[in-house]
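First up is the structure itself, then whatever we jot down about it.
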């Protein structure tokens, strides 16, 4: 295979790769090898991956090729296409760390439901991607294994917590990736890397086998460079799972059809709501300009744009930083050195309690400990009502804000992130500045509605990617994808290609 | 406190009124655990009934066992409780190595069943005693820690500990009473009768094995004292490890004496968890509860709320079996026992045993006689409950059948029972091994009769002269010669026939 050919393969969309593989123009093994080669080339500089499953990926690709050669129908529309799996989703026998020292060396004895669905669909899992420890962060700098760098500028962060998955897409190391989103961990990295990421309705994708941060907020979602690829992956992973009792017992939304419709039609007849509270102070001028241009484009595409008022969004961040740490403090209690993972201080004399204390004290990073302490405090007797109880009330009020907004708009839009990618180390010592990165994504998380980020272009001030957030009512994925697809098609028509196409080549970065 | 310093029970009751509170944990006999498909079976090699969910591996999620919810609702209904329209699980957060998640999934302020009662027959009361039920809620069991080295399996001084998670996640229902007041000297009997009634109810519902010895029914006794007649509640202790009905009685009795001794001496009761010591019948201090532990309860976000459909609840209500105390009236009539006889059986916890013995073929009076007299004495001797004796109702019935068939007399039957209790096998094996069959072979008996008559000619003459009471002396000699294995009635017939006398 020529160098040129490899370059083509890594830049192709998942949809095109699938049709080339299923049509016999290229083998799944060739596609997988091209991506493994790309990873070998650029990942030393990017550090998107924590583990690369060379043998597993090639074996899975070979199985797809053999099945196609035997005349069988592809297991799914994505059979043979490579994917990067966020290292918080367990895969049997493959090291899973959640970005934490406390799980170093642990190999899960079981597959997450998402993993099973990917494998059953013939998707080739290339490896596990970097993340902020237990998905807590907005820059991937909280990973115990070192930060991931933004392919657009290696001195900048790729967002977080799913910085590894987003960077892998932007660096053309994989055409597909899995993310998880608790307060914005899919959408904010997508925005900062010029890629697409969707957080489904809470309960739309099984959480079984996904290491929990905050159970009532966590949601797994698809990431890719195009809206269609994202939708194709969405349909592979979504749907009811009896092993997750919060999973919605309904068929998954038909998002691929919605994307095709969005690509073919304009936005006539759709009402797009601009959330007044999600574009004021705290938003970078280049981001606001890109967002305003996006709204103008949607108007031009026939949408009726209305402004909606969501007064309780102002309390979203505060409520989120009470509910999430409360659940974190309980969810992370299981990491106690007794059954798996790191064990420190076990000298044969120390008590179990001392070993637990030593392991948790040194095995968890500062941000994780900060949230455990916050949550432990918020749930304490005498404080529960004032903190956790009040936060739950805010959550209800935010859901009501959304309900009334969706009465006058089919989808809501906002910038996905208030800023473009910032410099490594710029906010590590200022937790509040870091938390503000999720200002626009947190309300949708609290309400459990579907929301996605689609690139709206490059910021005039920094030249870095900006994301447009599209939000829809619960189970409204179809309209969300339709709007995103129309917007993307228009962007491609006007700019000659998707945003990620403009990402640096990264040749010779190692 | 030394045993010698303990206040006499009667004196203690004279000075103080006890208030009781009972918390009973029932392990449900569902096929699978509360939140995962692992088997609940008792025993099994350590850590073989486990999976990612009950080991709390990263990423694993719970799913509620529908049968466990059904059992909890049935228990609630049988205890005359309200069944929640909507309730949630909650996390009870605390670190302990035998609890894999380091929180217990339980119910906090939204129990599935609440505000009920149970009427309990207690000796010494003409009317049943009404025990008010505060709540019955669902939760999961923990694993087991085995502390090796050090003293008596306690954690302090242990060299290391072994963890077995087979029991982790087994469904439990915890049934909590409201404070039980005004029982005075009957407090131990009321506590025992309540636990016994609850156990019978749970067995009738077929929701648990209710084996106190295996821990499938566990009782925590809360007890406090207030000065006699003053009303109110004193500081309470919670006694755990109360593993038999007899222990319930003893634990209450001991705590009353112990607390009274402290209070009379001007001391104050420490709010604490205590452990019942089976051997001494005393309690020893455990964890202090003076500084209340903060469990940081919050609604379990991994589980959706439970909203049992009303039709389902009503269906379960209609399907409830006849409660044991109602069935008892029917049984008493069928068995022809007097009120007193029946009450004795209930007090001895022998009703079920008699029922099963009768079902296995014995007559009610035979069954009652064995369980309340001979076996009752044996259980007392051994300091165990009747149900814990190593003889089954079926074996008792088999022995009754041998007596009826003439193979055994009463004395031999007791020896067979002793053999079974001693682990010598089934009744027929004991008969064979010990050579206990009644001698009913006439030729052997005739020889013994002839020898006895020859040895006592004067007695033989008196019998010939019509003095039938004298037959007893010959029977006695024959029984002695056959070491009790002869059928006395047959001996009598043979003596009379030999001497040509009409009986």
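The values are calculated or read from the model by the stated rules, or taken from the named source; none is laboratory data. Computed from a predicted structure; not experimentally measured. Here the Cβ positions follow ideal geometry from the backbone for every residue, glycine too, while neighbour counts run over all protein chains shown.
Among the numbered criteria (1) away from chain B (no Cβ under 14 Å); (2) at pLDDT below 95, which one does residue A:367 miss?
Checking residue A:367 against (1) away from chain B (no Cβ under 14 Å); (2) at pLDDT below 95, the one that fails is (2).
Exactly one condition in (1) in contact with a strand residue (DSSP E or B) (Cβ under 7 Å, 6 or more places away or on another chain); (2) under 23 Å from residue A:183 (Cβ atoms) is not met by residue A:457; state its number.
(2)
Residue by residue through the range A:99-112, note down the ones that are free of Cβ contacts under 8 Å to residues at least 60 places away in the same chain and more than 10 Å from chain B (Cβ to nearest Cβ). If you could, list the steps in order and put the result at the bottom.
If we filter the range A:99-112 for residues that are free of Cβ contacts under 8 Å to residues at least 60 places away in the same chain, which is where we start, we get A:107, A:109.
Listed by number, the list holds a single entry, A:107.
Specify which of the listed residues (A:348, A:375, A:389, A:341) is under 30 Å from residue A:449 (Cβ atoms), out of contact with any strand residue (DSSP E or B) (no Cβ under 7 Å at 6 or more places or on another chain) and facing chain B (nearest Cβ under 9 Å).
Details: A:348 fails: under 30 Å from residue A:449 (Cβ atoms); A:389 fails: facing chain B (nearest Cβ under 9 Å); A:341 fails: under 30 Å from residue A:449 (Cβ atoms).
Result of the check over A:348, A:375, A:389, A:341: A:375.
Among the residues of the range B:404-419, count how many are in a loop (DSSP other than H, G, I, E, B) and in contact (Cβ under 8 Å) with a residue 40 or more places away in the chain.
First pass over the range B:404-419, keeping only residues in a loop (DSSP other than H, G, I, E, B): B:405-409.
This time we only want the ones that are in contact (Cβ under 8 Å) with a residue 40 or more places away in the chain, so: B:406, B:409.
Number of matching residues: 2.
Among (1) within 30 Å of residue A:325 (Cα to Cα); (2) assigned to a strand (DSSP E or B), where does residue A:107 come up short?
Here residue A:107 clears every test but (2).
From the list B:314, B:278, B:293, which residue is over 30 Å from residue B:358 (Cβ atoms) and within 14 Å of chain A (Cβ to nearest Cβ)? It would help to see each step written out before you state the result.
Details: B:314 fails: within 14 Å of chain A (Cβ to nearest Cβ); B:278 fails: within 14 Å of chain A (Cβ to nearest Cβ).
Of B:314, B:278, B:293, the one residue that is over 30 Å from residue B:358 (Cβ atoms) and within 14 Å of chain A (Cβ to nearest Cβ) is B:293.
Residues are listed down the side, and each one gets a yes or a no for (1) more than 11 Å from chain B (Cβ to nearest Cβ); (2) crowded, with 24+ Cβ neighbours inside 10 Å; (3) part of a loop (DSSP other than H, G, I, E, B):
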position: A:80; (1), (2), (3): yes, yes, yes
position: A:83; (1), (2), (3): yes, yes, no
position: A:97; (1), (2), (3): no, yes, yes
position: A:122; (1), (2), (3): yes, yes, yes
position: A:128; (1), (2), (3): yes, yes, no
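Of the conditions (1) in contact with a strand residue (DSSP E or B) (Cβ under 8 Å, 6 or more places away or on another chain); (2) free of Cβ contacts under 8 Å to residues at least 40 places away in the same chain, residue A:226 satisfies every one except a single condition; which number is it?
Of the numbered conditions (1) in contact with a strand residue (DSSP E or B) (Cβ under 8 Å, 6 or more places away or on another chain); (2) free of Cβ contacts under 8 Å to residues at least 40 places away in the same chain, the odd one out for residue A:226 is (2).
Out of everything in the range B:421-435 that is part of a helix (DSSP H, G or I) and under 23 Å from residue B:486 (Cβ atoms), what residue ends up being nearest to the chain's Cα centre (by Cα)?
Taking the range B:421-435 first, the residues part of a helix (DSSP H, G or I) are B:421, B:427-434.
From what's left, under 23 Å from residue B:486 (Cβ atoms): B:427-434.
On the way: B:427: 25, B:428: 28, B:429: 29, B:430: 27, B:431: 30, B:432: 33, B:433: 32, B:434: 32 Å.
In this case the residue turns out to be B:427.
Looking at A:284, A:263 in this structure, which one is in contact with a helix residue (DSSP H, G or I) (Cβ under 7 Å, 6 or more places away or on another chain), touching a residue at least 60 places away in the same chain (Cβ under 8 Å) and surrounded by fewer than 21 Cβ atoms within 10 Å (Cβ to Cβ)?
Exactly one residue qualifies, and that residue is A:263.
What tally of residues in the range A:236-254 results from selecting those that are more than 30 Å from residue A:371 (Cβ to Cβ) and crowded, with 21+ Cβ neighbours inside 10 Å? Walk me through it before giving the result.
Start the filter on the range A:236-254 by keeping residues that are more than 30 Å from residue A:371 (Cβ to Cβ), which leaves A:236, A:239-240, A:242, A:249-254.
With the extra rule that they be crowded, with 21+ Cβ neighbours inside 10 Å, the set shrinks to A:236, A:253.
Within the range A:236-254, residues that are more than 30 Å from residue A:371 (Cβ to Cβ) and crowded, with 21+ Cβ neighbours inside 10 Å number 2.
Would you pick out the residues in the range B:234-251 that are closer than 17 Å to residue B:284 by Cβ and out of contact with any strand residue (DSSP E or B) (no Cβ under 9 Å at 6 or more places or on another chain)?
Matches in the range B:234-251: none.
Could you identify the single residue in A:343, A:400, A:371, A:395 that is assigned to a helix (DSSP H, G or I), surrounded by fewer than 22 Cβ atoms within 10 Å (Cβ to Cβ) and on the phi < 0 side of the Ramachandran plot? Steps first, answer last, please.
Working: A:343 fails: assigned to a helix (DSSP H, G or I); A:371 fails: surrounded by fewer than 22 Cβ atoms within 10 Å (Cβ to Cβ); A:395 fails: surrounded by fewer than 22 Cβ atoms within 10 Å (Cβ to Cβ).
Result: A:400 is the single residue among A:343, A:400, A:371, A:395 that is assigned to a helix (DSSP H, G or I), surrounded by fewer than 22 Cβ atoms within 10 Å (Cβ to Cβ) and on the phi < 0 side of the Ramachandran plot.
With the requirement that a residue be loosely packed, with under 13 Cβ neighbours inside 10 Å and under 14 Å from residue B:499 (Cβ atoms), what does the range B:420-460 give you?
B:454, B:457, B:458
So is residue A:493 surrounded by fewer than 24 Cβ atoms within 10 Å (Cβ to Cβ), in a helix (DSSP H, G or I) and under 18 Å from the mean Cα position of the chain (by Cα) or not? If you could, list the steps in order and put the result at the bottom.
On the way: surrounded by fewer than 24 Cβ atoms within 10 Å (Cβ to Cβ): yes; in a helix (DSSP H, G or I): yes; under 18 Å from the mean Cα position of the chain (by Cα): no.
Taking the combined requirement at face value, the residue does not satisfy it.
The rows are residues; the columns are (1) over 29 Å from residue A:477 (Cβ atoms); (2) assigned to a helix (DSSP H, G or I); (3) more than 12 Å from every other protein chain (Cβ to nearest Cβ).
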{"site": "A:250", "(1), (2), (3)": "no, no, yes"}
{"site": "A:263", "(1), (2), (3)": "no, yes, yes"}
{"site": "A:274", "(1), (2), (3)": "no, no, yes"}
{"site": "A:277", "(1), (2), (3)": "no, yes, yes"}
{"site": "A:290", "(1), (2), (3)": "no, yes, yes"}
{"site": "A:316", "(1), (2), (3)": "no, yes, yes"}
{"site": "A:357", "(1), (2), (3)": "yes, yes, no"}
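Listed here are the residues, each with its yes/no results for (1) under 25 Å from the mean Cα position of the chain (by Cα); (2) under 21 Å from residue A:185 (Cα atoms); (3) crowded, with 22+ Cβ neighbours inside 10 Å; (4) at pLDDT below 95.
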| site | (1), (2), (3), (4) |
| --- | --- |
| A:336 | no, no, yes, no |
| A:414 | yes, yes, yes, no |
| A:420 | yes, yes, yes, no |
| A:431 | yes, yes, no, yes |
| A:444 | yes, yes, yes, no |
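Looking at this structure, is residue A:433 touching a strand residue (DSSP E or B) at 6+ places or on another chain (Cβ under 7 Å), part of a helix (DSSP H, G or I) and either free of Cβ contacts under 8 Å to residues at least 12 places away in the same chain or more than 27 Å from residue A:98 (Cα to Cα) (or both)?
On the way: touching a strand residue (DSSP E or B) at 6+ places or on another chain (Cβ under 7 Å): no; part of a helix (DSSP H, G or I): yes; either free of Cβ contacts under 8 Å to residues at least 12 places away in the same chain or more than 27 Å from residue A:98 (Cα to Cα) (or both): yes.
Against the criterion (touching a strand residue (DSSP E or B) at 6+ places or on another chain (Cβ under 7 Å), part of a helix (DSSP H, G or I) and either free of Cβ contacts under 8 Å to residues at least 12 places away in the same chain or more than 27 Å from residue A:98 (Cα to Cα) (or both)), residue A:433 does not qualify.
Can you say whether residue B:498 is in contact with a strand residue (DSSP E or B) (Cβ under 6 Å, 6 or more places away or on another chain) and surrounded by fewer than 17 Cβ atoms within 10 Å (Cβ to Cβ), as far as the supplied structure shows? Lay out the reasoning, then the answer.
Values: in contact with a strand residue (DSSP E or B) (Cβ under 6 Å, 6 or more places away or on another chain): no; surrounded by fewer than 17 Cβ atoms within 10 Å (Cβ to Cβ): yes.
Spelling it out, it is not the case that residue B:498 is in contact with a strand residue (DSSP E or B) (Cβ under 6 Å, 6 or more places away or on another chain) and surrounded by fewer than 17 Cβ atoms within 10 Å (Cβ to Cβ).
Modelled with pLDDT under 95 and away from every other protein chain (no Cβ under 12 Å): does that describe residue A:403? Before you say what the answer is, go through the steps one by one.
Numbers: modelled with pLDDT under 95: no; away from every other protein chain (no Cβ under 12 Å): yes.
No: the conditions fail for residue A:403.
All but one of (1) under 22 Å from residue A:424 (Cβ atoms); (2) buried (at least 24 other Cβ atoms within 10 Å of the Cβ) hold for residue A:153; which doesn't?
If we test residue A:153 against (1) under 22 Å from residue A:424 (Cβ atoms); (2) buried (at least 24 other Cβ atoms within 10 Å of the Cβ), just (2) comes out false.
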